[in-house]
Amino acid sequence: MQGVGFRPFVYRLATQYALKGFIRNTSSGVLIEVQGIPSLLETFCSRLKSDAPPLAKIETMEECTVATLSGEGFMIGDSSADSEVETLIPPDIALCSDCRSELLDPANRRFRYPFINCTNCGPRYTIVERLPYDRPFTSMHGFSQCPECEKEYHNPFDRRFHAQPNACPVCGPSLSLIDTAGKSCTFQDVAAEAAVLLKMGRIVALKGIGGFHLAVDARNDAAVRRLRERKGRQAKPFAVMMRDMALAGHFCELSEGECTALTSAEAPVVLLKKRTVEGLSPSIAQGNDRLGVMLPYTPLHTLLFDEALDVLVMTSANFSEEPLVNEDEEALLRLKGIADAFLMHNRPIYLKCDDSVTIHSSGSLRQIRRSRGYVPAPVYLRENGPVVLGTGGELKNTIALLKGTHALMSQHIGDMKNFEAYRHFQHVAIHLQHLFQAVPELLVHDLHPAYMTTQWALRQERPVLAVQHHHAHLASCLAENRDAGPAIGLVLDGTGYGTDGTIWGGELLIGDAAGAERFASFESMPLPGGDAAVMQPWRAALGYLSRSFSTMPDLPFMKERSIEPVLELLQKGVSVYETSSCGRLFDAVAALCGMQGEITYEGEAAIELMLAAGGTMGHSAFRYALQEENGRWIMMVSPIIQDAASAVQQGVSASEISRRFHRTLVTCFSDIIRKASQATGIKTVVLSGGVFQNVLLFETLVRELEGAGYRVLTHALVPSNDGGLSLGQAIIGRSCLAGHYRGIQ
Ligand code: ZN
Ligand code: ZN
Ligand code: FE
């Protein structure tokens, strides 16, 4: 990878031991040739491994003896001849400890300089316009280095040797604080001034590495509520940034894996179990047992915190994703009425990139939103193949570009129904191809004809392939586990277009990237109003009840709603969609338990239902049944709904209903997987789809399947939700180009 300081490190090491030779990048990795005194060669080799810069990870090292060289000294070789390795651009990297010490050292020339960085840290992906990764092709091109910075940049013994964004207060970018009228106010220490505003409860828009955040003091409830009101965000939890690890450990439970994730160079948001929320605004993540926490990852963040300001709500304020439009002016325009002040800087952001969101469960750190810090580091594939682009889904969109053995995945782009996100999608799709100098032989899109991503693919005048949504989920999980399959794929999510035109989402597929058999699915249920039911779980509940009962039972949740028109729709079958969705099943059960009938973000009701279980499964389960129908197994939903409804009528608590419901699902899935395994002899199980963000369901199922002797493949590197879809699509595309594609049978 470029920009991680490996070659200068090797140069310094070789020079130190007076070794002759060179270092060069090749398509199969880094090639180093050295000659010198044998004992020193040995030390060189061992230090190569032990002292490598933090971002340069050596996966394997092979040694062999070659003929001696003529020539003098040690050279950093020209690698332009081979582009495979060279074209990797590193992600944006959190402030390193060396830079942090300098930042806080009054004697250092970069004391409190908010743009301090070095070879081991700083912005990368978001400032690169094109290759090669050289300063003129980054958004630093407008800043020429002062003599002192220049000296560091050219000195192989300096930590800033070839650090492209190298800067100092004399020559680099600077901050400005702008009021709501757009007037720039000058201060000696702009960051300190912004901190004062935050302490006063003001909402400050912060321009960061990958875009804008709205920040507010997380201890000030009035301020947090004001932010919710102004942003029009009612319930969706906010992420917070905490001053240090000690504070994170005070508010949240911290496992070793979670500590590692928080302090990693990627510095993602980690969803941590709450320990105490005393002192924090209750409006941050109400009703949730977890809190999204990250640590300061830029020098600017570090400068904002002190004794009196130690936790900030930090929520993304990204909007238009046009490249190099005047983003500052646009921020002023769009965030007017939300932010009380704007902390800006004059280093342009070439590519917007949100914070990554992760969770540590079943022993691994798992991506929920893979963005800053991880993108565009490749996901390594088991096989080489042609260049293919997967356009992703409609929600939580990402794009995947396969090149050689690398899957280059874009940052989280978002909801394609949002026009700005769609523009960002178009930009990123083209940018990825330019950046990695790869022209796809095939564009792969979702089977859904109306998806924006489908329409885009069809307009590109290139070969295209439509791939079924859940098949892509299965292939995605196989791909990130570098497994060829076949596997038994349990894919559970909210919505995916099926080959029969109905909405799928509770599927057991058996197969691999080339094709899969729909071995089992949930019983089809009527969804009145289609997409409208996603945000109104009470509608789903009515649909599910109407199919499960011949006469509608009387349940408390119906009293607050005007159910008649919906029942009429169901009766007449007007705008009623058939679905085997698992997400909707969660919604229906949540709603009939009397939980929120209307939600503000997808999955809210399902989360509430999971939380009601309080982290434990029930011992008794609802009835469920597996029925064979036209050569396919149907996991019957109606007995579950019948039992859940009568439990509600008997006054069983929502917590107990949730526990029994979860237990029912685990038993049902275990049973159908056993049948699939017996029918095929396959012992590998893939778990994919957004429903597996349900930690209770996920962890229990993994434990029980592993206990039963299955090899269970799960998502960790890419999200199990639709953010991982593009990878699966692209992999399926490769099997199509190889002539193996069969699709869903
Ligand atoms: Zn650094
Ligand atoms: Zn300088
Ligand atoms: Fe999905």
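In table form, for the structure just shown:
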| item | result |
| --- | --- |
| Filter result (assigned to a strand (DSSP E or B) and either charged (D, E, K, R) or within 16 Å of ligand 1 (Cβ to nearest atom) (or both)) within the stretch 114-137 | Cys118, Cys121, Gly122 |
| Residues located in the stretch 427-448, provided they are in a helix (DSSP H, G or I) and polar (S, T, N, Q) | Gln433 |
| Evaluation of Arg226 against (1) modelled with pLDDT of 95 or more; (2) open to solvent by less than 10 Å² (accessible area, probe 1.4 Å) (one fails), failing number | (2) |
| Hits in the stretch 138-159 - residues which are in a helix (DSSP H, G or I), more than 16 Å from ligand 1 (Cβ to nearest atom) and out of contact with any Phe, Trp or Tyr (no Cβ under 8 Å at 6 or more places or on another chain) | Pro147, Glu148, Glu150, Lys151 |
| Lone qualifier among Phe161, Phe157, Phe143 - being among the aromatic types (Phe, Trp, Tyr) and either without any contact (Cβ under 8 Å) to a residue 40 or more places away in the chain or exposed (fewer than 14 other Cβ atoms within 10 Å of the Cβ) (or both) | Phe157 |
| Flag if Thr499 is in a strand (DSSP E or B) and among the β-branched types (Val, Ile, Thr) | no |
| Residue in the stretch 112-121 that is within 21 Å of the chain's Cα centre (by Cα) and closer than 18 Å to Asp354 by Cβ present | no |
| Number of positions in the stretch 480-502 that are open to solvent by less than 10 Å² (accessible area, probe 1.4 Å), in contact with a helix residue (DSSP H, G or I) (Cβ under 7 Å, 6 or more places away or on another chain) and of a type in the set (Gly, Ala, Ser) | 3 |
| Leading residue by the ranking (modelled with the lowest pLDDT) among those in the stretch 181-198 that are touching a strand residue (DSSP E or B) at 6+ places or on another chain (Cβ under 8 Å) and surrounded by fewer than 15 Cβ atoms within 10 Å (Cβ to Cβ) | Thr186 |
| Strands (runs of 3 or more DSSP E) wholly inside the stretch 585-693 containing at least 3 residues that are open to solvent by 40 Å² or more (accessible area, probe 1.4 Å) and either of a type outside the set (Val, Ile, Thr) or out of contact with any His (no Cβ under 7 Å at 6 or more places or on another chain) (or both) | 626-629 |
| Number of the condition not met by Ala450 [criteria: (1) without any contact (Cβ under 8 Å) to a residue 12 or more places away in the chain; (2) over 21 Å from Gly498 (Cβ atoms); (3) among the small types (Gly, Ala, Ser)] | (2) |
| Selection status of Gly505, buried (at least 20 other Cβ atoms within 10 Å of the Cβ) and in contact with a Pro (Cβ under 6 Å, 6 or more places away or on another chain) | no |
| Residue check, Arg159 in contact with a strand residue (DSSP E or B) (Cβ under 8 Å, 6 or more places away or on another chain) and over 29 Å from Val428 (Cβ atoms) | yes |
| Residue tally, condition within 18 Å of Gln437 (Cα to Cα) and touching a Pro at 6+ places or on another chain (Cβ under 8 Å), over the stretch 98-128 | 3 |
| Residue among Gly393, Gly414 that is within 16 Å of ligand 3 (Cβ to nearest atom), at pLDDT 95 or above, under 19 Å from the mean Cα position of the chain (by Cα) and of a type outside the set (Ser, Thr, Tyr) | Gly393 |
| Residue list for the stretch 411-439, filter: under 18 Å from Phe137 (Cβ atoms) and either open to solvent by less than 20 Å² (accessible area, probe 1.4 Å) or of a type in the set (S, T, N, Q) (or both) | Val428, His431, Leu432, Gln433, Leu435, Phe436, Gln437, Ala438 |
| Output for the stretch 478-496, where each listed residue is in contact with a strand residue (DSSP E or B) (Cβ under 9 Å, 6 or more places away or on another chain) and assigned to a loop (DSSP other than H, G, I, E, B) | Asn481, Arg482, Asp483, Gly485, Pro486 |
| Residue list for the stretch 378-393, restricted to those being touching a His at 6+ places or on another chain (Cβ under 9 Å) and surrounded by fewer than 24 Cβ atoms within 10 Å (Cβ to Cβ) | Pro378, Val379, Tyr380, Leu381 |
| Cβ-Cβ under 9 Å pairs, at least 6 apart or on other chains, the stretch 170-193 side assigned by TED's automatic domain parsing to the domain that holds Gly337 and of a type in the set (Asp, Glu), far side at pLDDT 90 or above and within 16 Å of ligand 1 (Cβ to nearest atom) | Asp189/Arg112; Asp189/Leu303 |
| Any hit, the stretch 701-716, residues being away from ligand 2 (no atom under 16 Å from the Cβ), within 17 Å of His473 (Cβ to Cβ) and out of contact with any helix residue (DSSP H, G or I) (no Cβ under 8 Å at 6 or more places or on another chain) | yes |
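This table checks each residue for (1) within 16 Å of ligand 3 (Cβ to nearest atom); (2) open to solvent by 10 Å² or more (accessible area, probe 1.4 Å); (3) within 26 Å of the chain's Cα centre (by Cα).
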site: Arg100; (1), (2), (3): no, yes, no
site: Tyr125; (1), (2), (3): no, no, yes
site: Leu131; (1), (2), (3): no, yes, yes
site: Glu148; (1), (2), (3): no, yes, no
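The values are calculated or read from the model by the stated rules, or taken from the named source; none is laboratory data. For clarity, every value in this text was computed on a predicted model and none was experimentally measured. Please note: Cβ atoms are built from the backbone with ideal geometry, for glycine as well, and neighbour counts cover all protein chains shown. Surface accessibility is based on the protein's heavy atoms, side chains included, excluding ligands, DNA and RNA. Shrake-Rupley method; radii C 1.70, N 1.55, O 1.52, S 1.80 Å.
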